[in-house]
Amino acid sequence: MEGRKRRLVFFTLMIVLGIAAGVAYGWLVNPVKYDDTGPSTLGMDYKADYALMAAEIYAAEGDPVMAMARLTFLGEDNALQILDDALTFAREQDYHPGDLQLMSDLRQAIVAVQGEGQ
Amino acid sequence: MNNGWHKLENMEETRQIRVNEPRPPEVVISPPETPPEPKQFPWYLLTGLILGFLLGLLYAWMINPVVYSDTEPASLRADFKENYRLTIAQSFAATGDLERAASRLALINDEDPIFILGSQAQQALAAGFAEDGRALALLAAALQGDMEALLPTDSP
């Protein structure tokens, strides 16, 4: 009876040890890899840079609707919200004033378009 | 009462008789000789370890996998990469900032960015998106150092 109890304790210990090893392997050594991610999972720095690209293109084209369509590529419906988040990040990261101006110009254009739509 | 006294006497007699008896030779009964059992490998421990490892993997891969929330453009799906690449090209066409476009393009981590830009430009042209095709081709040419070949020239 004593031997059986001892075996059960060691068996349980081994299961716990195995779980720890399995979790460590699955999280640290060989985690699930996302090769086909969507734009919504991009880091904020990349999102802000993408928003800046949209603002640069808008400055040349002058088409706010196309700019909004580009912004929604980042995975959210509200282009203005995406741009606001990007602008906040850009200000925190001390983007070049010229870049901040481009983004602000695009924001104004989007606000105007959305105002017309309402 | 008398009966009890007699019994005691009888017992003393019996005891004396036993003392005087010759002691029987001691017989040592040894257990039958069996070959020593080979030490068995503790398979139950290995079973527990493997079972636990599988449970751990199940948890780490299926139930609570690592969630990527700050991914890079290089991990985007192929069609999203195409869109990202096109936006970089359009931005370059708007600003002419090759250094910025090159650093942005590097984020996608293409093996041969010029070839891929050229290939995507051809696809865009074939699909009827001439503006997109031109922007992509312009960036490809600029990266090759051949931007002047694509810029419009004054007709004679």
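Worth a mention:
Condition check ((1) within 22 Å of A:GLU61 (Cα to Cα); (2) assigned to a helix (DSSP H, G or I); (3) aliphatic (A, V, I, L, M); (4) at pLDDT below 95) across all residues:
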site: B:VAL66; (1), (2), (3), (4): no, no, yes, yes
site: B:ALA74; (1), (2), (3), (4): no, yes, yes, yes
site: B:TYR84; (1), (2), (3), (4): yes, yes, no, no
site: B:ILE88; (1), (2), (3), (4): yes, yes, yes, no
site: B:SER91; (1), (2), (3), (4): yes, yes, no, no
site: B:ARG104; (1), (2), (3), (4): yes, yes, no, no
site: B:ASP110; (1), (2), (3), (4): no, no, no, yes
site: B:ALA121; (1), (2), (3), (4): yes, yes, yes, no
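- There is no residue in region A:106-116 that is within 11 Å of another protein chain (Cβ to nearest Cβ), farther than 25 Å from B:PRO65 by Cβ and of a type in the set (Val, Ile, Thr).
- Check on B:PHE129, buried (at least 18 other Cβ atoms within 10 Å of the Cβ) and either among the aromatic types (Phe, Trp, Tyr) or touching a helix residue (DSSP H, G or I) at 6+ places or on another chain (Cβ under 9 Å) (or both): no
- Residue ID - nearest to A:TRP27 (Cα to Cα), chosen from residues in region B:53-77 that are within 15 Å of the chain's Cα centre (by Cα) and surrounded by 17 or more Cβ atoms within 10 Å (Cβ to Cβ): B:ALA60
- Checking each residue in region A:64-79 for being surrounded by 14 or more Cβ atoms within 10 Å (Cβ to Cβ) and over 16 Å from the mean Cα position of the chain (by Cα) picks out A:PRO64, A:MET66, A:ALA67, A:MET68.
- When restricted to residues that are outside any loop (DSSP other than H, G, I, E, B) and within 10 Å of chain A (Cβ to nearest Cβ), region B:93-102 contains 5.
- Number of the exception - B:ARG100 against (1) surrounded by 19 or more Cβ atoms within 10 Å (Cβ to Cβ); (2) within 38 Å of the chain's Cα centre (by Cα); (3) more than 22 Å from A:THR37 (Cβ to Cβ): (1)
- Restricting attention to region A:29-71, the residues being within 9 Å of chain B (Cβ to nearest Cβ), assigned to a helix (DSSP H, G or I) and not small (Gly, Ala, Ser) number 14.
- Checked against (1) without any contact (Cβ under 8 Å) to a residue 12 or more places away in the chain; (2) in the same structural domain as A:ARG107 (by TED's automatic domain parsing); (3) surrounded by 15 or more Cβ atoms within 10 Å (Cβ to Cβ), A:ASP94 passes all but condition (3).
The values are calculated or read from the model by the stated rules, or taken from the named source; none is laboratory data. Remember, it's a predicted structure, so these values are computed and weren't measured experimentally. Note that we place each Cβ from the backbone using ideal geometry, even for glycine, and neighbour counts take in every protein chain shown.
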